[in-house]
1. Among Glu59, Glu67, Glu84, which is over 17 Å from the mean Cα position of the chain (by Cα), acidic (Asp, Glu) and within 17 Å of Thr111 (Cα to Cα)?
2. So which of Lys90, Lys60 ends up being surrounded by 13 or more Cβ atoms within 10 Å (Cβ to Cβ), out of contact with any Leu (no Cβ under 8 Å at 6 or more places or on another chain) and under 19 Å from Asn8 (Cβ atoms)?
3. Within the stretch 32-77, count every residue that is among the β-branched types (Val, Ile, Thr) and closer than 19 Å to Gln99 by Cα.
4. Among the residues of the stretch 100-117, is there at least one that is in contact with a Leu (Cβ under 9 Å, 6 or more places away or on another chain), touching a residue at least 12 places away in the same chain (Cβ under 8 Å), open to solvent by 40 Å² or more (accessible area, probe 1.4 Å) and in a helix (DSSP H, G or I)?
5. Can you tell me which residue within the stretch 17-55, out of those that are touching a strand residue (DSSP E or B) at 6+ places or on another chain (Cβ under 7 Å) and open to solvent by 50 Å² or more (accessible area, probe 1.4 Å), is nearest to Arg116 (Cα to Cα)?
Amino acid sequence: ILGYHAINVGTMNVSELAKPPRGTPSHGEIPVLFLGQVAVDLKAQGLGIGGLLMHHVFEKARVIADEAGCHAVLLDVMSDGDAEAFDKRKGWYEDFGFQSFASNEARMFLTMKQVRSVTGQ
């Protein structure tokens, strides 16, 4: 196994967002996809496998979101290691367009509109 990813369906409260999406229900919870992790074996890092996995995440997210009505992909940047390792991981996700929540720099999101733009769908 050179790498893997994990995606789960969940909800988030729109109070975490600067601007709630149009049509947000009164209870404030919207469906989202959580990217549990994208991991690449140490021996295979730097070969582009992480990028391939992330694009697979985007393809799967688009299909799942179309079925479940999800608004975004969320993730939490792992904080194991030192600040430099955290910044490197965070920067890797930023390169794909993920943005941090104002209230928590480790929690990041990418809207489904952005995902569809990346996948050309």
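The values are calculated or read from the model by the stated rules, or taken from the named source; none is laboratory data. None of the values given here were measured: they were computed from a predicted structure. For neighbour counting, all protein chains shown are included, and Cβ atoms are generated from backbone atoms with ideal geometry for every residue, glycine included. Accessible surface areas use protein heavy atoms only, side chains included; no ligands, DNA or RNA. Shrake-Rupley method; radii C 1.70, N 1.55, O 1.52, S 1.80 Å.
1. That would be Glu67, the only listed residue that is over 17 Å from the mean Cα position of the chain (by Cα), acidic (Asp, Glu) and within 17 Å of Thr111 (Cα to Cα).
2. Values: Lys90 fails: under 19 Å from Asn8 (Cβ atoms).
Matching residue, one of Lys90, Lys60: Lys60.
3. 5
4. Among the residues of the stretch 100-117, not one is in contact with a Leu (Cβ under 9 Å, 6 or more places away or on another chain), touching a residue at least 12 places away in the same chain (Cβ under 8 Å), open to solvent by 40 Å² or more (accessible area, probe 1.4 Å) and in a helix (DSSP H, G or I), which makes the answer no.
5. The selected residue is Phe34.
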